[in-house]
1. What full-extension length gain, to one decimal in nm, is calculated for residue 56 and residue 43 as 0.36 nm per residue of separation minus the Cα-Cα distance?
2. Helix 8-30 versus the longest principal axis of the chain: what angle, 0 to 90°, nearest 10, using Cα atoms?
3. Which label marks the calculated value of Rg/Rh (Cα atoms, Kirkwood Rh), given the options (i) 1.45; (ii) 1.24; (iii) 1.13?
Amino acid sequence: MDKAIQNPMFVIGALLAIFGLGVCLNHLLRGDSVGYLAYGLFVTGCTLMLVGWVQRNK
């Protein structure tokens, strides 16, 4: 896991996933019209985290 955390794709993916969750919570609590953005950010972030985790041995 240490090698995965040093991978830039994993770090950017984690940031996107966290930001996606924040936008989702904001949408649920306030009802803003950018709720669709949360799913795109979260899915993209999780995908980048998965790719970074798979490439940790390189």
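1. Using 0.36 nm per residue and subtracting the Cα-Cα distance, I get 2.7 nm.
2. On a 0 to 90 degree scale, this one is about 20.
3. So the calculated entry is the one marked (iii).
Where a number appears in this text, it was derived from the coordinates with a stated rule and is not lab data. Remember, predicted model here, so these are calculated numbers, not experimental data.
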